[in-house]
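Asks: So that we are looking at the same thing, I have put the structure below in structure tokens.
Read the figures in this text as sums done on the coordinates, not as results from a lab. Remember, it's a predicted structure, so these values are computed and weren't measured experimentally. Virtual Cβ from ideal backbone geometry, glycine too; neighbours counted across all protein chains shown.
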Amino acid sequence: MKSLVIKNLHVTVDGKKILNGVTLAINEGDNIALLGPNGHGKSTLFMSIMGHPKYHITQGSITFNNKDIKKLSVDERSKLGIFLGLQNPSEVPGVNNSDFLKNIMNVRRDKPMSLFTFYKELEKAYQEMEMPFEFANRNLNEGFSGGEKKRNEILQMLLLNPKLAMLDEIDSGLDVDGINQVAKMINKKHKEGTSLLVISHYARLFNLIKPNRAVVMVNGKIVLDGKPDLIKRIDKEGYEWIKNELKIEINKKQVHSIGTCATKVALKK
Amino acid sequence: MNIKVKQNETKEILVEDNSSINFSIAENASLILKFVFFSPIKNISINGELKKKAKLKAVVADFSNGEAKMNAKILLNEEGANATWDLASLATKKDQKQFDISFIHNKGNTKADMNNYGVALNASRLVFSGTNHIQKKAKKSNTNQSAKIIVFDKDASGKANPILRIDENDVLASHAAVVGRLNDEHLFYLKSRGLTEEEAKALIVSGYLKPIAKNFDTNIQNKINKMIMEKCHV
């Protein structure tokens, strides 16, 4: 069964073209590594699937479980079971973490949970993430370290039980123990049926979560879609060989520095 | 309304209308002064003084509509006087709200703690002006002020003017003011977890303004919660 199907997707941000015809089909149960040099549209693809208002689809289609989601609001997409673990989760002033978690769990239920059920689930999730329960009483991501924010993203994934989880550099900012912990939880969710689309620049995370497919994005397009051994090769050799083997120019103008995504470059102008 | 709290006495007063207040708190006495506004308030002044070791706890929950103006001037006139002030205000639509609050330390060993929280939605304007003034010879006085406003929409505005006037050396004083604008990334983040725009806004507004509710009885608490939801259109 197909879960997410993207056909010939073109996306602009502030008038700058970033995706140039992405075609990708995710099957239920897939665990896909999304690779590619910085600034070639990986995060943009995630933002477009989630429906961020800055990302304009000029052409192409996105369906999820055969439903056209292009016109759905961000929250409707989330309620269909799509989850985006952000590269840089926002610090939201004034919002208490546990209030937030209770709300996002309740909006996908017919009836709100009892406080008791909520605390049970919350406590379990904190234990699984090996995070101190006091985090529940802090403000949402406010003053969290990079690693704590990433753990808080995975905690939300555990509580929301998505059908598809898109994780954008979830390993950046995490220490080794953190990566192991996060990978363990990703594997747990995958076993329970969550499909995965994961961006990372490091083989360490992929060694732990063992994708069944690897997809490479260059110049705003998927240029390779194959077996996971692509990860090893790219980890060893970088992206130069793709240029030679596929005879494509890898657009370097978009790349300013490590960690600069195409959107940021577009927005700076 | 004139309020006199006699020596060693404790009084609690709840104000729900547009009336101005004059108070004086005698030695060792304490006053709990609570304001809650759901209907329009025009011009309110609060003037009062605290004597030796007197205590004031003032709480203001403002959910009124339209123009609101409040002036408060509180004098810490004798040693050991201690005052706290907590205010939460929600401005929506075309509301214009201004709160001017000042604490004046006229004697030493006095303490004042002022906290103003606000949210400005739609095309409203919210201004907090706070002055903490430590006069000469008011040694070992301790004064704090913090103001936090969050502004949601592009036509809304918020301003916090925290002023410290210190005329004595041997004192403790601090102030902090933050006016934050809710940006698209915050909203996107909350929506990406399944909250509608209104639900996301209500969650943030509650986070800022709900803590004031615990100072009131359940009836008023429920009214405050209902008001937050209504004003965010949930």
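Asks: To the nearest 20 debye, what charge dipole does chain B have about its Cα centre, counting +1 at the Cβ of each Lys and Arg and -1 at the Cβ of each Asp and Glu?
Replies: On the way: 35 positive and 26 negative charges, 90 e Å.
Roughly 440 debye for chain B.
Asks: Right, something else. What is the distance in Å between the Cα centres of segment B:101-147 and segment B:38-80?
Replies: First find each Cα centre; the distance between them is then 11 Å.
Asks: Among DSSP beta bridges lying fully in segment A:2-268, give the percent that are antiparallel, nearest 5. List each step's numbers first, then the result.
Replies: On the way: 25 of 42 bridges.
For segment A:2-268, the DSSP antiparallel bridge percentage is about 60.
Asks: Per DSSP H run of at least 4 residues, take -39500 (n - 2.57); add these up for chain B, divide by its residues and hand me the 222 nm value, nearest 500 deg cm²/dmol.
Replies: Calculated at 222 nm, the ellipticity per residue is -4500 deg cm²/dmol.
Asks: So, one more: Anything over 27 Å Cα to Cα? Flag those among A:Lys7/B:Lys201; A:Lys189/B:Lys201; A:Lys70/A:Lys210; A:Lys150/B:Lys201; B:Lys51/B:Lys136; B:Lys73/B:Lys214, in the order listed. Write out the running numbers ahead of the final one.
Replies: On the way: A:Lys7/B:Lys201 34 Å; A:Lys189/B:Lys201 30 Å; A:Lys70/A:Lys210 30 Å; A:Lys150/B:Lys201 24 Å; B:Lys51/B:Lys136 18 Å; B:Lys73/B:Lys214 25 Å.
Too far apart for the 27 Å limit: A:Lys7/B:Lys201; A:Lys189/B:Lys201; A:Lys70/A:Lys210.
Asks: List the residues whose amide H sits under 5 Å from the amide H of B:Gln96, counting only those 5 or more places along or on another chain, with H placed 1.01 Å from N in the peptide plane.
Replies: HN-HN under 5 Å from B:Gln96: B:Gly66, B:Glu67, B:Ala68, B:Arg125.
Asks: Roughly how many Å is it from the Cα centre of segment A:1-38 to that of segment A:79-115, as a whole number?
Replies: What the calculation gives is 25 Å, centre to centre.
Asks: With only Lys, Arg, Asp and Glu charged, each at its Cβ (+1 for the first two, -1 for the last two), find how big the charge dipole of the protein assembly as shown is about the Cα centre; round to the nearest 20 debye.
Replies: Working: 76 positive and 56 negative charges, 122 e Å.
Using Cβ point charges on Lys, Arg, Asp and Glu, the protein assembly as shown gives about 580 debye.
Asks: Sticking with this structure for a sec: Check B:Ser141: other-chain or 5+ apart residues with amide H under 5 Å from its amide H, H built from backbone geometry?
Replies: Those qualifying (amide H under 5 Å, at least 5 residues apart or on another chain) are B:Asn109, B:Thr110, B:Leu172.
Asks: Can you list residues whose amide H is under 5 Å from B:Arg181's amide H, if they're 5+ apart or on another chain and H is modeled 1.01 Å from N?
Replies: HN-HN under 5 Å from B:Arg181: B:Val151.
Asks: Taking the Cα centre of chain B as the origin and placing charges on Cβ (Lys, Arg +1; Asp, Glu -1), which of B:Ile224, B:Ala202, B:Leu87 is farthest toward the positive end of the dipole?
Replies: Final value for the positive-end residue is B:Leu87.
Asks: Roughly how many debye, to the nearest 20, is the charge dipole of segment A:2-268 about its Cα centre, given +1 on each Lys and Arg Cβ, -1 on each Asp and Glu Cβ, and no other charges?
Replies: Numbers: 40 positive and 30 negative charges, 176 e Å.
Dipole of segment A:2-268, to the nearest 20 debye: 840 debye.
Asks: Let me know the shape class of segment B:2-182, please: from the alpha-carbon gyration tensor, a ≥ b ≥ c as square roots of the eigenvalues, rounded when a/c is under 1.5, otherwise prolate if a/b is greater than b/c, or oblate. Write out the running numbers ahead of the final one.
Replies: On the way: a/c = 2.77, a/b = 1.45, b/c = 1.91.
Oblate, since a/c reaches 1.5 and b/c is not below a/b.
Asks: Going toward the positive end of the dipole of segment B:2-182, with +1 on Lys and Arg Cβ and -1 on Asp and Glu Cβ, which of B:Gly66, B:Asn47, B:Asn132 do you reach last?
Replies: Checked the options; the winner is B:Asn132.
Asks: Local charge sum around B:Lys73 (other residues, Cβ-Cβ under 13 Å, Lys/Arg +1, Asp/Glu -1)? Intermediate results must be reported in sequence, preceding the final value.
Replies: Values: positive: none; negative: B:Glu49, B:Asp100.
Charge balance in the 13 Å sphere: -2.
Asks: So, one more: For the residue pair B:Lys154 and A:Arg233, what label-to-label distance in nm results when each label sits 7 Å from Cα along the Cα-to-beta-carbon direction?
Replies: A separation of 4.8 nm, rounded to one decimal place.
Asks: If you don't mind, another one. Can you tell me what share of the DSSP beta bridges in the protein assembly as shown is antiparallel? A percent to the nearest 5 is fine. Let's see the in-between values first.
Replies: Numbers: 25 of 141 bridges.
Counting DSSP beta bridges with both partners in the protein assembly as shown, the antiparallel share is about 20 percent.
Asks: Sticking with this structure for a sec: Filter the trypsin sites (Lys or Arg not before Pro) in segment A:78-119 down to the DSSP loop ones having no more than 16 other Cβ atoms within 10 Å, then list what survives. The partial results should precede the final answer.
Replies: Working: sites: A:Lys79, A:Lys102, A:Arg108, A:Arg109; in loops: A:Arg108, A:Arg109.
Answer by residue number: A:Arg108, A:Arg109.
Asks: Right, here's the next one. Grab the beta carbon distance between B:Asn169 and B:Asn71, set R0 = 30 Å, and tell me the FRET efficiency rounded to 0.05.
Replies: Numbers: r = 30 Å, r/R0 = 0.99.
That gives a FRET efficiency of 0.50.
Asks: Right, something else. Loop-only trypsin sites (Lys or Arg not before Pro) in segment A:148-242, please: DSSP not H, G, I, E or B, and at most 13 other Cβ atoms within 10 Å. Walk me through the intermediate numbers first.
Replies: Details: sites: A:Lys149, A:Lys150, A:Arg151, A:Lys163, A:Lys184, A:Lys188, A:Lys189, A:Lys191, A:Arg204, A:Arg213, A:Lys221, A:Lys232, A:Arg233, A:Lys236; in loops: A:Lys163.
Hits after loop and neighbour filter: nothing returned.
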